[in-house]
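Each remark here refers to the structure printed beneath this line.
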Amino acid sequence: MNYVIVYWSRYGHNRKIVNYLSEKLKEKNAETKIFTTDEANPTELPEADLYVFSAAAEAFNLQKNMRSFMKNLEGTNGKKYGIINTHGMDKNRLQKMEKLLSKKNMIKVAEVDFKVGKNITSGNALMDGWEAKVDQFAEKL
Ligand SMILES: Cc1cc2nc3c(=O)[nH]c(=O)nc-3n(C[C@H](O)[C@H](O)[C@H](O)COP(=O)(O)O)c2cc1C
């Protein structure tokens, strides 16, 4: 399998999650490519068997760089995806991600969210057990 992972991260939590995910997928002999939303072009994403998008909740919405990245996606008709959302408050933004990607006729395979703890600016606010949640997510991809 060949995966393209696109993320946005302010303090490093989403980066940490996708780096760990990529290692897990490689253990299954997958090929992975990781890009930030700034590095990838939403109109010309590299070919992949499955796309993973990972970003935070900010300002009561999906973080805006990821939001516009998803709105600008082209050429993803019928492609499969997994989504990851981190959030400080109780509500996650997976539904928003799904809504944007369904407009691109993409097909959801898996989703996972992580509530982060208080000390967000440290970049170490993921809760104990987050790796196991990523492992479960990786199994579904
Ligand atoms: C400017 C700002 C706005 C935020 N707004 C929300 C919010 O509306 N809802 C929420 O659940 N978390 C909110 N958060 C917490 C972020 O979700 C959290 O910082 C993020 O998940 C951490 O991931 P990252 O380090 O990869 O950016 C906000 C954080 C910042 C910095």
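Listed here are the residues, each with its yes/no results for (1) of a type in the set (A, V, I, L, M); (2) in contact (Cβ under 8 Å) with a residue 60 or more places away in the chain; (3) surrounded by 11 or more Cβ atoms within 10 Å (Cβ to Cβ).
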position	(1), (2), (3)
Q95	no, no, yes
E98	no, no, yes
I107	yes, no, yes
A110	yes, no, yes
N119	no, no, no
A125	yes, yes, yes
A132	yes, no, no
L141	yes, yes, yes
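Looking at S54, S9, S22, S102 in this structure, which one is over 23 Å from E131 (Cα atoms) and either more than 13 Å from the ligand (Cβ to nearest atom) or within 12 Å of the chain's Cα centre (by Cα) (or both)?
Just one listed residue meets the conditions, S102.
Just to be sure before I move on: is A30 surrounded by fewer than 18 Cβ atoms within 10 Å (Cβ to Cβ), modelled with pLDDT of 95 or more and either among the basic types (K, R) or closer than 17 Å to Q136 by Cβ (or both) in the structure I sent?
It is true that A30 is surrounded by fewer than 18 Cβ atoms within 10 Å (Cβ to Cβ), modelled with pLDDT of 95 or more and either among the basic types (K, R) or closer than 17 Å to Q136 by Cβ (or both).
Look at segment 60-92 and say how many of its residues are farther than 22 Å from S22 by Cβ and either in contact with a Gly (Cβ under 9 Å, 6 or more places away or on another chain) or crowded, with 24+ Cβ neighbours inside 10 Å (or both).
Number of matching residues: 1.
Condition test on V109, is it touching a Leu at 6+ places or on another chain (Cβ under 8 Å) and away from the ligand (no atom under 13 Å from the Cβ)?
Answer is yes for this residue.
Does R67 count as of a type in the set (K, R) and near the ligand (Cβ under 10 Å from one of its atoms)?
no
The values are calculated or read from the model by the stated rules, or taken from the named source; none is laboratory data. None of these values were measured; they are calculated from a predicted model. Every residue, glycine as well, gets a Cβ built from its backbone with ideal geometry; the counts of neighbours run over all protein chains shown.
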